[in-house]
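Comments concern the structure below.
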Amino acid sequence: MAVTDVSIASKALLLLGEAPISSFGESTPAQTAAGLYPDVYRAVLTVYPWGCTKSKARLARLAASPLSQWSYAFQLPPDYLRVLGAFSSAAVGASPLTSYDIQESGVLANVSDLWLDYQRQVPESALPPYIVKLLQFALAAELAMPITESTTKAEFWGRQAWGQSGEGLKGGWYRLATTADAQGAPPAQIADFSLIDARA
């Protein structure tokens, strides 16, 4: 069965002891889940640079110049969630820009070409199982109070998703998921280090 926003919400409701759903319009709990799901989805996907959400794009420059200290404005990709880095060149090893601004209208910068490393919205069917489970736990935590009025359930599923209060939201299933994601990433390489060059 394909993973969808509805199937994730259905599992979250099951975790709270509610009936499963097949659409967001069929019941009051389903409608509540529909209202909360988009924010939980964005929060879970942007709280960590998941490998499956990373993308790179050359941004289209907008014709109108911004009315600010910036020289150029660029259109954000339609699937944009969060910026990871901005560059004036696509060359390997290019230094990231340290001065630019992200606004609702787009990216403002003083370079005429702009490449963006960013996190993108990913269909639920493309998410690995560990992110899907984190979404289920996080959504259950958000749904617990409006649906069950139980602080105990809200706190329990919050701990399952994010860990104990002293862990700074970096425990629970989140820790397992980020560990699994990092294991699938290539090892970091030193692109430029003067001490290595000196020894050569």
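Please treat every number below as a calculation from the coordinates, not as lab data. This structure is a prediction, so every number in the text was calculated from the model and none was measured. With ideal geometry, Cβ positions are generated from the backbone for all residues, glycine too; neighbour counts draw on all protein chains shown.
Would you mind calculating the gained length between Ala60 and Glu155 on full extension (0.36 nm times residue separation, minus the Cα-Cα distance), in nm to one decimal?
Working it through step by step, the gained length comes to 29.8 nm.
For a paramagnetic label modelled at 7 Å from the Cα of Ser68 toward its Cβ, which residues of region 94-111 fall within the zone defined by backbone nitrogen distances under 19 Å?
Residues 97-111 fall inside that zone.
Roughly what would the spin-label model give for Asp39 and Gln183, points 7 Å off Cα along C-beta, in nm?
Going from the Asp39 label point to the Gln183 one covers 3.4 nm.
With the Cα gyration tensor of region 1-67 giving a ≥ b ≥ c as the square roots of its eigenvalues, does the rule (a/c under 1.5 for rounded; else a/b larger than b/c for prolate; else oblate) give rounded, prolate or oblate?
Details: a/c = 3.10, a/b = 2.20, b/c = 1.41.
Verdict is prolate for region 1-67.
Please state the Cα pair-distance histogram of the chain with 5 angstrom bins from zero: what percent is in each bin?
Per 5 Å bin, starting at zero, the Cα-Cα P(r) for the chain comes out as 1, 7, 13, 14, 14, 12, 12, 10, 8, 5, 2, 1, 0, 0 percent.
Quick one: length gained pulling Ser89 to Glu26 fully straight, 0.36 nm per residue minus the C-alpha distance?
Gain in length upon complete extension: 17.7 nm.
Choose one answer from Ala177, Ala94, Ala43: the residue with the largest mean-square fluctuation in a GNM of the chain with alpha-carbon springs under 10 Å.
So, out of Ala177, Ala94, Ala43, the one fluctuating most is Ala94.
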